[in-house]
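The values are calculated or read from the model by the stated rules, or taken from the named source; none is laboratory data. Note that this is a predicted model, so its numbers are computed, not measured. Note that we place each Cβ from the backbone using ideal geometry, even for glycine, and neighbour counts take in every protein chain shown. These accessible areas exclude ligands, DNA and RNA; they are computed on the full protein's heavy atoms, side chains included. Shrake-Rupley method; radii C 1.70, N 1.55, O 1.52, S 1.80 Å.
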Amino acid sequence: MSKLNETFLSGLSDIYDAEKQLLKALPKMSQAAENESLKTGFETHLNETRQHVKRIEQIFESLDEKPEAKKCKAMKGLLEEGSEVIEKEEGDAALIAAAQKVEHYEIAAYGSLKFWAEVLDEDAAVHLLEQTLNEERATSEKLNEVAKTVSQEENEEETAESDKG
Ligand code: FE
Ligand code: FE
């Protein structure tokens, strides 16, 4: 096995755990969202995320490897920040920003994985990673769309003096 092959497997194990962590967090994010399109957006992405997990399992299979998860500390940290936004009721604009950090982490991870799969000539993996990468990018775009409405609304919303700081 080449060094790149090991790096690829290790990266797959990292994103496998990251996606599983996200599976647990998305229902809470959907519940916390006030804006209806944001709520349904999170629900749609929950279904997509289930597919992302399955695709990673398919990739491991295509490589004749057993699916193995390795604790993704980055996703853990990002989701902790997201939970804080929810607990402190910071609102939809802040919730979208937390979700964007998650999506961009995934886009970075899948971008590298797809590139390595190309170098490794793992065509099945390339195809599966590309599908997921496209869904992550589309999700990020949709979040940007909702952010326009939500941030306008929050700009017109007065906070009580006691809420500040
Ligand atoms: Fe994902
Ligand atoms: Fe995602």
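Miscellaneous remarks
- Only helices reaching 18 angstrom along their own axis (Cα) with mean Kyte-Doolittle hydropathy no lower than 0.0 count here, and for the DSSP H runs of the chain these are 92-119.
- Apportionment of accessible area to carbon and sulfur, the chain, percent (1.4 Å): 47 percent
- Note that the chain, at 4 °C in a medium of 1.567 mPa s, gets a Stokes-Einstein diffusion coefficient of 77 µm²/s from its Kirkwood radius over C-alpha pairs.
- Separation between Cα centres of region 62-78 and region 94-116, rounded to whole Å: 15 Å
- Ratio of the Cα radius of gyration of region 1-53 to 2.2 N^0.38 Å, where N counts its residues: 1.49
- Residues in region 3-157 average 55 Å² of solvent-accessible surface per residue, probe 1.4 Å, ligands and nucleic acids excluded.
- With a simple spin-label model that places each label point 7 Å from the Cα along the Cα-to-Cβ direction, the separation between Ala97 and Asn47 comes to 3.1 nm.
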